[in-house]
Structures are given as C-alpha cells and as structure tokens.
Amino acid sequence: MKNYRIFAASFALLAALAVLAGHAKAQSVTVVTPNKSVTVPVVVPTSPASAVGTVVAPVITRVVDLVTLRHPTPEGSEWVKAEVIHADAVTLIVRERANGYAIHTFNFSSDLQPKMQAMLDKGGFQYGDKVSVLMMPGQTVALRVHGKPSKSL
C-alpha cells in the first residue's frame, strides 16, 4: 500500500507540472456503476505534438460507495423501548422501560424470523437486555428488533 501511495503522489506531481507548463490540462471524469461511484482525474494533452511527451493515465484518488437508503418504517408504526423478559425462536416478551407495568408479547414478522433464529443460534437475547421493537399499534407482530444481545451464560 505504501508503494502505491508513493507512485500515486509522484504521478499526481508530474501531472500537475504538466498542467502548469501548459502542455496538458486536467479534467475530472465520474464513472458510475450500480455499486460504486468513482471520480477519476485525467491528464489530457492540449495538442497532438505534446501527446508524444505526455502520458495520459487515470489516477484513482478515492472510491466512494453510494449512500444506501435506510429501510422506510411503515406508516403509523412506532418504536417501543423495552427490556427483555423472555426470548425464543417464536416470541419475544418485553417490559417497557417507560412503564414497568406494561408487558408486551411479540411474534416475529416473516422478514425478521430468520434473523432472530440466527441470533438465537449465537446465544440470543437474555433477561434484562435492552431492545427497541418496531411495532404497529394494536398488533403483536414485531417488524424489527434493535438491541445488543448479552453474552450467553
């Protein structure tokens, strides 16, 4: 990696000198692919006579990943901050943090079921873990569950 940085820095210096001398001009080209967007500075000779002495090559300075959009929350849904009382492959029983008397039992949505099963295989949620559950008011289906499971006993 160190040799690549030295090469890129020396090439950028030579390209800058060529631009300052008037034999070439710098342009910026943006290449967009489905997964990435790359801006590439390119040194272009200004006349065919100077093309012999100047090397045209792209310099990749940085690869930028496109920003991925978050999953939109369904209309009317709400997050419940709670502590886990019991968790297994089918249900999640929690107690609200704001109201200790409010206890909710959730089943998992079809999208959440495999993720929860994978988490349970690694140890799952234990009693007292703090979680946030995305739910529709009046329903008992957990759409998403955020929280850090504690280490299994």
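Annotations for the structure displayed:
- Filtering Val42, Val52, Val56 for residues that are in a strand (DSSP E or B), at pLDDT below 90 and not assigned by TED's automatic domain parsing to the domain that holds Gln139 leaves a single hit, Val42.
- Failed condition for Tyr101, given (1) loosely packed, with under 12 Cβ neighbours inside 10 Å; (2) under 24 Å from the mean Cα position of the chain (by Cα): (2)
The values are calculated or read from the model by the stated rules, or taken from the named source; none is laboratory data. Since the model is a prediction, treat every value here as computed from it, not as a measurement. Positions of Cβ are backbone-derived with ideal geometry, glycine not excepted, and every protein chain shown enters the neighbour counts.
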